[in-house]
1. Take every Cα-Cα pair in region 1-98 and report what % of them are more than 24 Å apart.
2. Tally Lys/Arg at +1 and Asp/Glu at -1 over every other residue whose Cβ is under 15 Å from the Cβ of Ala273; what's the total?
3. For the chain, what is the calculated [θ] at 222 nm in deg cm²/dmol (nearest 500), taking -39500 (n - 2.57) for each run of four or more DSSP H residues and dividing by its residue count?
4. To test your reading of the geometry: what angle, between 0 and 90 degrees and rounded to tens, separates the Cα axis of helix 268-296 from the longest principal axis of the chain?
5. Heavy atoms only, 1.4 Å probe, whole protein assembly: order Arg396, Arg45 by accessible area, highest first.
6. If one takes the longest principal axis of the Cα atoms in the chain, at what angle in degrees, from 0 to 90 and to the nearest 10, does the Cα axis of helix 70-81 lie?
7. For Trp39, what is the net charge nearby, where nearby means another residue's Cβ is under 12 Å from its Cβ and Lys, Arg count +1, Asp, Glu -1?
8. When a/c is below 1.5 the answer is rounded, else prolate if a/b is larger than b/c, else oblate, so apply that to region 368-467 with a ≥ b ≥ c taken from the square roots of the Cα gyration tensor eigenvalues.
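The values are calculated or read from the model by the stated rules, or taken from the named source; none is laboratory data. Keep in mind it's a predicted model, so treat the numbers as computed, not measured. No Cβ is skipped: glycine too gets one built from the backbone with ideal geometry, and neighbour counts run over all protein chains shown. These accessible areas exclude ligands, DNA and RNA; they are computed on the full protein's heavy atoms, side chains included. Shrake-Rupley method; radii C 1.70, N 1.55, O 1.52, S 1.80 Å.
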Amino acid sequence: MRERKRRVESFAFYDSTGIEKHLASMAAKGWQLEKITSWFWRYRRCEPQRLRYAVTYFPGASEFDPAPGPDQQTYLDYCEEAGWTPVARWAQMQIFCTADEDAAPIETDETVRLRTVRRAMRKNFLPGSIALALIALLQIVMRLWSAAHDRLAGLVDLLSDSADLGSLFLWVLVIGASLVNLVGYGAWYRRSRREVEAGGACVPVKGTYRRVSQALLAVTLVALILWLMELADRRMGTVALLSMGCAALLLLAVMGVKHAMKSMGASRRASMAATWAAAFLGAFLLTGGMTFLILHMDLGPGRKPAETYTTEYPGGHTMTWDIYHDPIPLRVEDLTETDYAHYSCEWEAQSSPFLGKYVGGQNAFPDGEDAPELRYVIVDVKWPVLYEWCVEQYLRQYDQWYEEREYRRETPPEGADWMYRLYSGGEAADEYLLGSGARVIEVHFYGWEPTAEQLAVAAARLARAAL
């Protein structure tokens, strides 16, 4: 029979009434609070008993204090003399218990109580929630900006990538959790202030807060697991998983430094300095270490070429190329004759609940500079409302880099509903944008201009390809 257990509790920092009732219920079941850590509340087994709990706040306290300061110690001594035993501390929160049903309440002035809670929240939890929400919002904005400006049709790429969307969704959940804390506290404070001004007491925190917090936690855990599963199948997923693991180790190390400084009796200022120094040094080493791993080590199986091909240049210089034989829905040989023997056929696929994006190509190497090449992008739009937006993203993909490039609408070949052709400097290029049903197709012909019949065959095959 275990003597201790840890639980993840979802109480708001200011929910003193809810915490008191919960701890009294746990004591009646034979579990008494022993310690509150950054992750868990730790309980120890005891005889089931009827205990009263009191939660108070001491704004002058800090989680970096090795021990209660003189004023706080005086306060603790006063509480013990009144029959209340200190149980645990959580930043500025102090938790006491007593078996004496007649013990006088520690706090009787609700105005002072409300003011104390407000000062404690302003010192620690409110700035943390605001900073976390801003960091998450910055991550989302930077990712969207990068997708919109760093790649051709980058937003289509983002919306078809489950891993990218998963990371954005996790940041949205972080913002949601921060807003629940901020809005919940604001609503509680306004209601409590009205009650106190009317001669009443601070109001209890509504049960809705805990239910929403627990739901957010459950959704976050599920989303995180699904995101990690999506990353596990990718080469860069190894990097992401290693980064997360190292970040977790860094967090544990920083917390360990803080705990060690407190155990040694270091001052608040020294403990804060050592903790921040450990955080910055660890972040620097983590960044450098991950950069080294990415550049110098094999982080996963990746894609293995079917074969390699070596070309020799004048002077004896050689270069080896990877050749892939991925199955692709359209090959150069389906459209025209070619005697080039070293094509590399490559296929990439990614999909999300919104879009599926598939990129295929048949590439030649320098010794086949006259060999025709082919590259195409197929986008399956799963939500009809996104179709016109998706087409517009491709039509405008060159606007910010190549002003001389524009798409002009032309008569579509058989098998397509519509077609645009790219023009550069007023001259037609061998790049086409076609639509068929819920599918948007971009196809490039490198080194050759397709005939109308060849274009019709390409459109028909790509429109009907089972992906």
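1. Every Cα pair in region 1-98 considered, those over 24 Å come to 20 percent.
2. +2
3. That calculation yields -15500 deg cm²/dmol at 222 nm.
4. 20
5. Heavy-atom accessible area, descending, gives Arg396, Arg45.
6. 60
7. Here the charged neighbours net out to +3.
8. Since a/c reaches 1.5 but b/c is at least a/b, the shape of region 368-467 is classed as oblate.
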